[in-house]
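To keep things clear, I will list the structure first and then write my remarks on it.
Read-outs throughout are calculated quantities, based only on the coordinates presented, and are distinct from any laboratory measurement. Quantities reported herein were computed from a predicted structural model and do not represent experimental measurements. Every residue, glycine among them, receives a Cβ derived from its backbone with ideal geometry; neighbour counts consider all protein chains shown.
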Amino acid sequence: MTDPRWRAANGRGADGLGAGAAQRRASASSPVAPESSVSGNTGTSANGGGPGPASDVGSGSALPQSRFAPTAPRANGRLVAVVGPSGAGKDTILAGVLAARPDLVLARRVITRPSSAGGEDFEGVTAAEFETRLALGLFAFHWRAHGLCYGIPCSIDVDLAAGRLVLFNGSRSALPGIRAIYPRVEVIVITAPAGVLAERLAARGRERPRDIEARLRRALLPPPPGAREVVNDTTPALGVARFLEALNAPAAAG
Ligand SMILES: Nc1ncnc2c1ncn2[C@@H]1O[C@H](COP(=O)(O)OP(=O)(O)OP(=O)(O)O)[C@@H](O)[C@H]1O
Ligand SMILES: O=P(O)(O)OC[C@H]1O[C@H](OP(=O)(O)O)[C@H](O)[C@@H]1O
């Protein structure tokens with residue numbers, strides 16, 4: 001927590017943003033989420049107010065109710081989802097933001113993509129390894145997109161409980177589900193004009209042309225409600241400055 005005004009504006013209290021790892025282990029049988037859905041590993045309300053709905057809110061199968069007491073950690077931190085179309089510059093800006101603000105935490109994603117793919121610092125795992133971690137309750141939440149599985153380690157709950165500001169590179173389609181698990185998640189959407197996205201993805205060369213086309217089609221998704229927007233259409237340095245400004249701005253009504 002760095003800005004008390006923002007904290008007050010959000011009404012951020014002492015109750016929990018997330019649920020404990022012990023609760024997550026209750027969902028050991030949950031499968032990897034289907035494409036465009038998100039699953040967390042808790043079957044309880046993130047506010048700790050008693051058993052809530054299972055947190056698989058996408059098109060996937062419902063998770064079993066937790067057999068653990070519904071006590072979420074008491075967290076004062078901020079959880080900020082950084083979303084936006086492929087090529088908008090999420091990874092680029094997040095790297096610059098972390099360099100400028102080493103006090104912030106960037107969740108290290110677990111992705112079923114070879115670690116050699118480059119880009120962000122993520123942990124590349126096989127689909128089988130991903131399933132194992134999911135079964136062990138090691139993800140706060142996870143989603144599928146672009147034929148890949150993405151998991152956010154449940155270690156973010158430790159950072160949130162310690163009052164830190166935790167950023168993660170997320171999927172727009174996963175936000176409703178993430179919000180069901182972390183009701184106070186904030187959203188910053190990074191955007192750039194369509195032509196710029198196409199140029200950047202082609203120059204980056206991480207995906208095949210066919211996959212780039214699919215990613216560009218997802219650029220048409222509407223901006224998430226309540227998100228603060230950062231336009232990354234000039235230099236990365238200016239994008240980082242705009243992002244830091246957005247981080248301190250009052251949240252839009254979601
Ligand atoms: N402001 C900028 N000016 C020029 N190039 C940029 C800028 N921001 C990012 N890039 C470049 O555009 C490409 C895409 O950026 P980046 O990988 O950060 O996007 P992303 O939103 O994380 O995409 P994805 O969701 O596909 O991972 C990279 O090669 C990066 O170096
Ligand atoms: O299009 P949407 O659903 O918003 O995002 C889908 C996913 O793609 C991107 O990851 P990456 O480019 O594979 O690293 C995003 O970070 C997200 O996880």
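Let me know the shape class of region 71-160, please: from the alpha-carbon gyration tensor, a ≥ b ≥ c as square roots of the eigenvalues, rounded when a/c is under 1.5, otherwise prolate if a/b is greater than b/c, or oblate.
oblate
The trypsin sites (Lys or Arg not before Pro) of region 173-213 that DSSP puts in a loop, and whose beta carbon has at most 15 other beta carbons within 10 Å, are Arg206. The fewest-to-most ranking of Asp159, Asp233 by surrounding Cβ atoms within 10 Å reads Asp233, Asp159.
In terms of surrounding Cβ atoms within a 10 Å radius of their Cβ, Thr191, Thr235, Thr132 rank from fewest to most as Thr235, Thr132, Thr191. Taking amide H positions as modeled 1.01 Å from N, with prolines and chain starts lacking one, the residues under 5 Å from Val231 and 5 or more places away or on another chain are Thr191. The local environment of Val110, defined by Cβ-Cβ distances under 11 Å, has a net charge of +2 under the rule Lys, Arg +1 and Asp, Glu -1.
Here's the picture: a label point sits 7 Å out from the Cα of Arg210 along the beta-carbon direction, and within region 128-153 the residues with their amide nitrogen under 14 Å of it are 147. Using θ = phi - 60° in the Karplus curve 6.51 cos²θ - 1.76 cosθ + 1.60, the 3J(HN,Hα) couplings for region 168-175 round to 9, 7, x, 10, 4, 5, 8, 4 Hz; x is entered for Gly and Pro.
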